[in-house]
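Participant: Submitted below is the structure of interest, expressed as structure tokens.
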Amino acid sequence: MGWVHYTKRTLDSIKKLTLLSQNKFSDKEFGNFLRRRINEEIDQADLWLNSLLDYCYITTPLQKSNTVNTLVEELSKKYQTHFEEREVRLFKTLEKDLPEIIVSDEPLKYILNSALHYIMASTPRRGKVTISTKSFPHLKDEGGAQTCFGEFGGGVEISVASSGEKVPSLRLDSSMDLMLRMIQEMVQKNQGILKWEANEGRSEIMISLRFPMERRKVLFYEPMVTNPPNNLLKILDN
């Protein structure tokens, strides 16, 4: 579909060139007429190209992949300035080709963003934040029975940890406790498990998130082209 985008860019360049050339005509009325006529033809061609793109998008679904690691990278960049201001070192260990999980993008984004926000609030200046992702197979509880992840064929674990010479407080205040409860509620709604650990002796706090992996291939469609031009009816009448 690259040729479609190339053609659209070429048409846009012609339209701009026509506008710049309008005052070059000695006959102003003819110059205005020519510009309008060329623009109408370009708009009509652009309309049909957009329709072609939409058809290609809706008939060519893409397979979703690497969602968890992509969101982790996006959030890391989002908070990069905060890390630098507080001189916090960030370490990431992300498993390659991580399988998809059953959680939709927006709930997952909320969970990861809130977990990272929580950990950042617990990290002292010049501390360290570690983010890791990994997949795991079937798990069994102490009685030998499969856990809730067994029917899904395994899961994905996302860990966010904070450490430093002195963590401000490992005891939850009301706002931090509320944030953790909201994260846990969202995790449970998406069939996940949240584990919170604190080690005062080592000045560490960790949030572990586990979600079932998606056994099916997850497909998505690229967004459709922008809205039709304002003069759509006029274009179609020509």
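Participant: Identify the single condition in (1) over 25 Å from the mean Cα position of the chain (by Cα); (2) at pLDDT 90 or above that Asn199 does not satisfy, given that it satisfies every other one.
Facilitator: Status for Asn199: all satisfied but (2).
Participant: Among Leu172, Leu180, which is the only one that is within 25 Å of Leu90 (Cα to Cα), assigned by TED's automatic domain parsing to the domain that holds Phe211, modelled with pLDDT under 55 and surrounded by 11 or more Cβ atoms within 10 Å (Cβ to Cβ)?
Facilitator: The unique qualifying residue is Leu172.
Participant: Keeping to the stretch 46-70, report how many residues are part of a helix (DSSP H, G or I) and under 20 Å from Glu106 (Cβ atoms).
Facilitator: Of the residues in the stretch 46-70, 4 are part of a helix (DSSP H, G or I) and under 20 Å from Glu106 (Cβ atoms).
Condition check ((1) modelled with pLDDT under 90; (2) assigned by TED's automatic domain parsing to the domain that holds Leu178; (3) closer than 16 Å to Val218 by Cα) across all residues:
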position: Val72; (1), (2), (3): no, yes, no
position: Arg86; (1), (2), (3): yes, yes, no
position: Leu90; (1), (2), (3): no, yes, no
position: Asp105; (1), (2), (3): no, yes, yes
position: Lys109; (1), (2), (3): no, yes, no
position: Thr123; (1), (2), (3): yes, yes, no
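The values are calculated or read from the model by the stated rules, or taken from the named source; none is laboratory data. Keep in mind the model is a prediction, meaning the values are calculated, not measured. Don't worry about glycine lacking a Cβ; one is built from the backbone with ideal geometry, like all the others, and counts go over all protein chains shown.
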